[in-house]
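Each remark here refers to the structure printed beneath this line.
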Amino acid sequence: MTLNDIDVFWVLLCACLVWIMQAGFLCLESGMTRSKNNINVALKNICDNATSIFLFWLIGFSIAFGVPFSAPLGEDNYYLFHSTENTLNAFFVFQAVFCSTCCTIVSGAAAERLRFIMYPILVAIIAGLIYPVAVNLSWGGSLIDNGQGFLLEMGFYDFAGSTVVHSTGGWIALALVMIIGSRIGRFDREGNPHTIQGSNLTLSALGVLILWFGWMGFNGGSAYNFSSDIGIILSNTLIAGSASLVFTLILIHRRGEAPAPEDLFNGALGGLVGITASADCVTSLSAVLIGAGSAVSVLVTAKLLLRYRLDDAVGAVPVHLGAGIWGTLAAGIFCDLDIIGSGLGRLEQIVVQLAGIGITGLWAFGSAYLLFRLINTYYPFRVSPQDESVGLNISEHRASSELYELIAFMQYQSDTGNINRPAPTDQFTELGIVGMAYNHVLNTVRLKEEKLKHSNSQLEAANESLRTYDQLVAHDLRNPLSVISAYAAMLQEEPEGEHKHSEYVERIRRSSDDAMKIIRELLNFSRASHELETLKPVDLEEVLYNVRVHLTPLIEEKKAKISIDCKVRHLYFNEFALHQVLVNLISNAIKYTPAERVPSIEVRSLSDNGRDLVEVEDHGIGIDPEQLDRLFDKHQRVHSSVNTSGYGIGLYSAKKLLQSAGATINVRSELEKGSCFTLGFAPVPAQSPTRNTDTGNNNEPRPIA
Ligand code: ADP
C-alpha cells in the first residue's frame, strides 16, 4: 500500500472520527441502560477501548495483516514493535479504532449483567484473536505483499467492514448473550418480553448522532486515499442512514405502532452498517434501497431475538449483525462490478458475498461460542442475581448515586418499618427535591400513625374498662341477686301465712334496691365516660347545687351540714362526670361519719400552681394511712365493719373518670379525725369565655337548699 502525505492525513483524520464513535457508543449504551448500571456501562466503554487497542497492537494487527496462518509467530510479523514508518503507523491507528468498534458492539449487547473483570478478558479474545482472523480473511495481505486473505482471493468485497467489523461483532455478541442469558425481568416465565426502560434516552439520541458523524470517518477513511471517491462514499453513507430511519418509521407506522426511541436509534444505525460494505461502489438510489433493506433486517432480527428469548441490552445484534449481513449481500447485488474489480459476474459475486458472510459468521460465532463457554465454566461472565438487582454501579464499582441512596433509604424503611429518619435531601438536585417531597409524605404518615396509636390506646383503655365493668357487674350483682333467689326459694317452701314471710319479703326488697343501685351507678359511670370526650368549662357551684338536691334524702336523714367556698368557679371538665364524682365523695363523707356525730363537710375550690383544685373534707372516721394506697382499687371496703351499704366501686370509678380526662384525685386522712379528698383539674383554656381570671370568687355563691 502506498500512501502520500495527504492520504496519511486523511486516514488519520478519519481514524480520529472513528475514535469519536467510542464516545457515541458510550452515550448510546449508557443512556439505554438503567441508571443503576450506567456508570458501569460508561466505564466498560473506556476500558474496552483501551484493552482492544493494546491487544490489537500486541497481537491482533500481526494476525490481521501478516502472512495468513503464520502471524503473529513469523519473525517479520512484529512490525509495530520497532516501526517508525509513518504510513504503517497511520494504517495501524485506523485499523485499531476499527477493532475497538467491533469490541464495543459485543460488550454493549451483554451490558447490565457482566462482571467488570470479564470485559478485558472478553476484549482480549476478540481483539487478539477472533477479530484479527476475520480481518485477515477479507482484507489480509493488503499491508505487505505476502499473500492475500482467503476470502479476498475468492473475490469477496466488503469495503469498510459490514461483515468484517459489524457482523463479526454481531456474531460474537450473539454467542455471548446466548451463553450469559437474559437480564432479570427481561422475560417472564411464559417468555413474554418486558421492556427495560433506559435511564437517559436523550443521551442515547446524542450518541446516535455522534456515531453518525463518526461513520463519515469509518467509511471515508476506508478509501485509504484522499480522492474524488470520497464524495460518493460520504453521500451514500448519509443517504443510507437517513433512508433506513425513514423506512423504519414507515414500517412501524404500517404495523400500527408508535415508534419506540430504540427503533429510531437502531433504524439510523442499521442503514449506516448496511452501506458500509459498498459505500464506494453503489449509486445513491442503491444506497436508498440498501438503507430500506437495513431497516427491514434490523426489525426482523430484533423480532427473532425476542422470539428466542435472547436479551441484547442495546440492540447491537439487530443493528450490526442483521444489517451487516444484508449490507454485505447488497454489495453483491448493487455494486458496480468494475469498481470492485473482482473479475466475477453478478451472480458469482452474490454467491461469493454469501460465502464470505457464512465463513466469517462460522468463524466468529463458532470460535466465540466455544471459547466463551469454556471460560464461563471456570470464570462465570455473569454477576450474582443480588449484584444484578442492586446494580453494577454499586456492586462492581462501589459508585453510589443519589438515586441509589434514595432507593436504598426507602428499601431500609420498608425492610425495618422504621420511618423516623428523614430521607436525604438537597434543594439543588432533582432527587434531593424528590427526597424533600418524600419527607413531607413521611411526616403526614407519621402524624397519621401517631393519631392511630392514640386512638388505639384509647380503644385499649376502653376495652379494659369494659372488661373491668363486665367483672364488676357480674361480681356486684351476684350478691343481691343470689340473696333474692335464696329468699324467693325459701318463701316458696314456707307454708302460707307463716310469720317469716314478711321478713323474707323485706330481704328481697332490700337486695333488689342494692341491685338497682349498682346498676344505676354503672349506667351513670358509663354515661359519664362517654360524655368526657368533650370537655368544657363547668360551673362548680351549679354542679354542687345539683349534688345537694340529689343527696337531699341522705343529708336530711343524717342532718349533715355542707359548707361551700368556691374561689375558682369554673372547672375545665364535664358536668355530668363531675356531678358523679362529687356525689360519691360527699355521700361517702356523710356515710363514714360516726352516727353519734353530725356530719360536717367542707367543699372548697382554689387555684394552686397552675391547677384548679376542689377539696372535699369531712370530720368522719378517717382512714388508716396504711390503707390509703389501696383506697382507689376496685372493691376496696376499708371499713367493712362499719354498717354502711357499699360495694367499693365508687372511688375506683371516680378515679378512672378523672384520669381519663387528665384530672387527678388524692386523699389525705387521719383516723378518727377525718379525710380530705383533693381533685386537680387543668385550668380553663385562655380562649374560653368563662376562664377564671383570678383566684378570688367575685360571683355570689348560689344558695344551697
Ligand atoms: P363504697 O361504695 O364502699 O363506699 P367507695 O369506693 O366509695 O365504695 O369507697 C371505698 C372505701 O373507702 C369505703 O368502703 C370506705 O371504707 C372508704 N372511704 C371512702 N370515703 C371515705 C371517707 N370519707 N371517710 C372514711 N372512709 C372512706
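The values are calculated or read from the model by the stated rules, or taken from the named source; none is laboratory data. This is a predicted model, so every value here is computed, not measured. Glycine gets a Cβ as well: all are built from the backbone with ideal geometry, and neighbour counts include every protein chain shown. Remember, those area values only see protein heavy atoms, side chains included, never the ligands or the DNA or RNA. Shrake-Rupley method; radii C 1.70, N 1.55, O 1.52, S 1.80 Å.
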Handout entry: Total residues in the stretch 415-435, condition open to solvent by 80 Å² or more (accessible area, probe 1.4 Å) and touching an Asp or Glu at 6+ places or on another chain (Cβ under 8 Å)
Key = 1
Completion exercise
The helices (runs of 4 or more DSSP H) lying entirely within the stretch 127-216 that contain at least 2 residues which are farther than 29 Å from Ile20 by Cα are 150-154, 168-180
Problem - Unmet criterion (only one of (1) within 11 Å of Gly327 (Cα to Cα); (2) crowded, with 24+ Cβ neighbours inside 10 Å) for Ala268 - result: (1)
Problem - When residues of the stretch 599-614 are limited to those that are closer than 18 Å to Pro537 by Cβ and of a type in the set (Ser, Thr, Tyr), the one surrounded by the most Cβ atoms within 10 Å (Cβ to Cβ) - result: Ser605
Exercise for the section: Confirm whether Ser455 is assigned to a helix (DSSP H, G or I) and modelled with pLDDT of 85 or more. Expected result: yes
Exercise for the section: For the stretch 107-124, indicate whether the set of residues that are over 22 Å from Gly322 (Cα atoms), aliphatic (A, V, I, L, M), outside any helix (DSSP H, G or I) and in contact with a strand residue (DSSP E or B) (Cβ under 9 Å, 6 or more places away or on another chain) is non-empty. Expected result: yes
Exercise for the section: Please work out if Ser675 is more than 25 Å from Asp476 (Cβ to Cβ), surrounded by 14 or more Cβ atoms within 10 Å (Cβ to Cβ) and at pLDDT 95 or above. Expected result: no
Practice task
Please list, ordered by first then second residue, the pairs with beta carbon atoms under 8 Å, 6 or more apart or interchain, first in the stretch 602-621 and under 22 Å from Gly662 (Cβ atoms) and within 13 Å of the ligand (Cβ to nearest atom), second open to solvent by 30 Å² or more (accessible area, probe 1.4 Å) and of a type in the set (Gly, Ala, Ser).
Solution key: Val603/Ser563
Exercise for the section: Kindly list, by first and then second residue, each pair from a residue in the stretch 414-433 that is under 18 Å from Glu450 (Cα atoms) and among the aliphatic types (A, V, I, L, M) to a residue that is open to solvent by less than 80 Å² (accessible area, probe 1.4 Å) and not in a loop (DSSP other than H, G, I, E, B), limited to pairs with Cβ atoms under 7 Å and residues at least 6 apart or on different chains. Expected result: Ile419/Gln413; Ile419/Leu442; Ile419/Val445; Ile419/Arg446
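Suppose the filter is open to solvent by 50 Å² or more (accessible area, probe 1.4 Å), closer than 28 Å to Asn479 by Cα and within 15 Å of the ligand (Cβ to nearest atom); does His639 pass it?
Spelling it out, it is not the case that His639 is open to solvent by 50 Å² or more (accessible area, probe 1.4 Å), closer than 28 Å to Asn479 by Cα and within 15 Å of the ligand (Cβ to nearest atom).
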Handout entry: Qualifying positions in the stretch 578-592 - hydroxyl-bearing (Ser, Thr, Tyr) and within 15 Å of Glu556 (Cβ to Cβ)
Key = Ser587
Problem - For Glu388: the one exception among (1) part of a helix (DSSP H, G or I); (2) open to solvent by 20 Å² or more (accessible area, probe 1.4 Å); (3) out of contact with any Gly (no Cβ under 8 Å at 6 or more places or on another chain) - result: (2)
Problem - Single residue of the stretch 493-517 satisfying the filter (more than 26 Å from His475 (Cβ to Cβ) and open to solvent by less than 70 Å² (accessible area, probe 1.4 Å)) that is modelled with the lowest pLDDT - result: Glu494
Handout entry: Glu596 being open to solvent by 20 Å² or more (accessible area, probe 1.4 Å), within 30 Å of Gln687 (Cβ to Cβ), part of a loop (DSSP other than H, G, I, E, B) and out of contact with any His (no Cβ under 7 Å at 6 or more places or on another chain)
Key = no
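Here is a check on your reading of the model: is Asp629 within 16 Å of the ligand (Cβ to nearest atom), part of a loop (DSSP other than H, G, I, E, B) and closer than 21 Å to Ala654 by Cα?
Spelling it out, it is not the case that Asp629 is within 16 Å of the ligand (Cβ to nearest atom), part of a loop (DSSP other than H, G, I, E, B) and closer than 21 Å to Ala654 by Cα.
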Exercise for the section: Output the number of the condition that Ile586 fails; it satisfies all remaining conditions of (1) within 13 Å of the ligand (Cβ to nearest atom); (2) closer than 24 Å to Pro683 by Cα; (3) touching a residue at least 60 places away in the same chain (Cβ under 8 Å). Expected result: (3)
Exercise for the section: Select from the stretch 541-587 the residues that are among the aromatic types (Phe, Trp, Tyr) and surrounded by fewer than 23 Cβ atoms within 10 Å (Cβ to Cβ) and list them in ascending order. Expected result: Tyr545, Tyr572, Phe576
Handout entry: Neighbours by Cβ (under 6 Å, 6+ apart or cross-chain): first from the stretch 252-263, loosely packed, with under 11 Cβ neighbours inside 10 Å; second at pLDDT 90 or above and of a type in the set (Val, Ile, Thr)
Key = none
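Among the residues of the stretch 275-319, what is the count of those that are assigned to a helix (DSSP H, G or I) and basic (Lys, Arg)?
2
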Problem - Residue check, Leu679 at negative phi, away from the ligand (no atom under 13 Å from the Cβ) and not in a loop (DSSP other than H, G, I, E, B) - result: yes
